[in-house]
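The values are calculated or read from the model by the stated rules, or taken from the named source; none is laboratory data. What you see is a predicted model; the values in this text were computed from it and never measured. Heavy atoms of the whole protein, side chains included, go into the accessibility calculation; ligands, DNA and RNA do not. Shrake-Rupley method; radii C 1.70, N 1.55, O 1.52, S 1.80 Å.
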Amino acid sequence: MTTPRYALLIPVKDGSGAKSRLGVGSAAVRARLMAAFARDAITAAAACDLVSVHVVGDAGGLTELLAGVDCQIVPDEGEGDLNRALVRAAARVAAPGAGIAVMLADLPCLRTDDVRSLFASAVGRCFVPDASGTGTTFLLAPAGTELDPHFGVGSAQAHAGTGAAAVALDHVSLRLDVDTTEDLTAALQFGVGARTAEVAASLT
């Protein structure tokens, strides 16, 4: 059995009211899609033997979403601030000799093989820019380094400014996050996970 090299934090919030640029209907419909994105992304990540997955959020609201997935739930103690929540979650899951990483959950195309390639080849503190090049989908901090997350608008530049290196791997599934209707179209064309495909099919 492979010992995980990283504890992977995946923040998940209630999707209602979010992703307003995703023009697919009501807030309830967008929430269903966001839950599907998260389910598919977390399932793909949890199948990678190099990480142990810890979902950061409200346990009561995540039980159904995470049913059958090999992961742990860590409480969101960020008081509304994502980066604070990640720092506090990192302190909870830290283990000797293991790194800490973050993955955002809006990656419905994520492939387990791509996740494994990322964590097998990562050197030093690094991040994966999103498809637009301005955001961040993954942040990795090896054992002995600080996570120092700066998620938010312009996070790719912010993470680079703290000394993290942009990962050279160009696996599409690691970068194709979904924020807009155009992103969703691109994701569906590339190929999404089972839950996202199911929800998307119900919208047509």
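More than 27 angstrom separation, counting every C-alpha pair in the chain; what % is that?
Values: 4706 of 20706 pairs.
The share of Cα pairs beyond 27 Å in the chain comes to 23 percent.
Project the alpha carbons of region 129-200 onto their principal axes and report the range along each, largest first, in whole Å.
For region 129-200, the Cα extents along the three principal axes come out at 41, 24, 20 Å.
At 1.4 Å probe size, with the rest of the protein present, what percent of the exposed accessible area of the chain is carbon and sulfur atoms?
Result for the chain: 53 percent of the exposed heavy-atom area is carbon or sulfur.
Considering all projection directions equally, how large on average is the shadow of the alpha-carbon convex hull of region 66-106, in square nanometres?
3.7
Per residue of region 87-92, in order, report the coupling 6.51 cos²θ - 1.76 cosθ + 1.60 (Karplus, θ = phi - 60°) as ³J(HN,Hα) in whole Hz, putting x for Gly and Pro.
Values per residue, Gly and Pro as x: 4, 5, 5, 4, 5, 5 Hz.
Over region 77-204, what is the relative contact order in whole percent, taking alpha-carbon pairs under 8 Å and six or more residues apart?
Reported as a whole number, the value is 28 percent.
Once the principal axes of the Cα atoms of region 41-123 are found, what is the range along each, listed largest first in whole angstroms?
On the principal axes, region 41-123 reaches 34, 30, 20 Å in Cα extent.
Can you give the accessible area per residue of region 67-204, in Å², using a 1.4 Å probe?
Numbers: 6500 Å² over 138 residues.
I get 47 Å² per residue for region 67-204.
Sum -39500 (n - 2.57) across every DSSP H segment of at least 4 residues in the chain, then divide by the residue count to get the 222 nm mean residue ellipticity, nearest 500.
-10500 deg cm²/dmol
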